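One structure is given below, encoded as structure tokens.
The values are calculated or read from the model by the stated rules, or taken from the named source; none is laboratory data. This one's a predicted model, so the numbers in the text were calculated from it and none came from an experiment. A quick note on method: Cβ atoms are made from the backbone with ideal geometry, for glycine too, and the neighbour counts reach across all protein chains shown. Protein only, heavy atoms only, side chains kept; ligands, DNA and RNA dropped before computing areas. Shrake-Rupley method; radii C 1.70, N 1.55, O 1.52, S 1.80 Å.
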Amino acid sequence: QVQLVESGGGWVQAGGSLALSCAASASSFSFNPMGWYRQAPGKQRELVARITSGGRTTYADSVKGRFTISRDNAKNTVLLQMNSLKPEDTAVYYCYANAVAGPWSQEYWGQGTQVTVSS
């Protein structure tokens, strides 16, 4: 069974940095893509960043130039480095990974980790 383990959330002042990591526990699948979504109170979940197994990245316009996503394919781990954080970045951040095994695929979600940016 695929499980995603998230770490790195917390509290930071505006302008600071945090790093999130997510590791997929199952090694019997490839994960393509992997990424991060976030959801603030009263808002819908939105894509923050994603990365393919080949390293192709996609970012939300609101985080371009501030966040960097990367991955370690051997460890099935995705990292999100968040710099120059703003209060509007405050949200629960959810890791996701699309598990692929031959013609089969299934998207999995982490439990969520809170990121709070104070002004």
**Message:** Looking only at residues that are more than 15 Å from GLN114 (Cβ to Cβ) and in a strand (DSSP E or B) in segment 1-17, which one is most open to solvent (accessible area, probe 1.4 Å)?
**Reply:** GLN13
**Prompt:** Within the set of pairs 6 or more residues apart or between chains, which connect a residue that is over 27 Å from PRO41 (Cβ atoms) and β-branched (Val, Ile, Thr) inside segment 95-119 to a residue that is open to solvent by less than 40 Å² (accessible area, probe 1.4 Å) and not in a strand (DSSP E or B) with Cβ atoms less than 7 Å apart?
**Reply:** none
**Item:** Count of residues meeting criterion [more than 14 Å from the chain's Cα centre (by Cα) and assigned to a strand (DSSP E or B)] in segment 89-103
**Value:** 3
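Residue-wise test of (1) open to solvent by 60 Å² or more (accessible area, probe 1.4 Å); (2) in a loop (DSSP other than H, G, I, E, B); (3) more than 20 Å from SER119 (Cα to Cα); (4) modelled with pLDDT under 95.
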position	(1), (2), (3), (4)
ALA19	no, no, no, no
ALA26	no, yes, yes, yes
GLY35	no, no, yes, no
ARG38	no, no, no, no
PRO41	yes, yes, no, yes
ARG50	yes, no, yes, no
**Request:** Of the conditions (1) small (Gly, Ala, Ser); (2) touching a Phe, Trp or Tyr at 6+ places or on another chain (Cβ under 8 Å); (3) surrounded by 14 or more Cβ atoms within 10 Å (Cβ to Cβ); (4) under 29 Å from GLN13 (Cβ atoms), ALA91 clears all except one; give me its number.
**Result:** (2)
**Prompt:** Taking segment 56-88 as the region of interest, how many residues are more than 11 Å from the chain's Cα centre (by Cα), touching a residue at least 60 places away in the same chain (Cβ under 8 Å) and surrounded by fewer than 21 Cβ atoms within 10 Å (Cβ to Cβ)?
**Reply:** 4
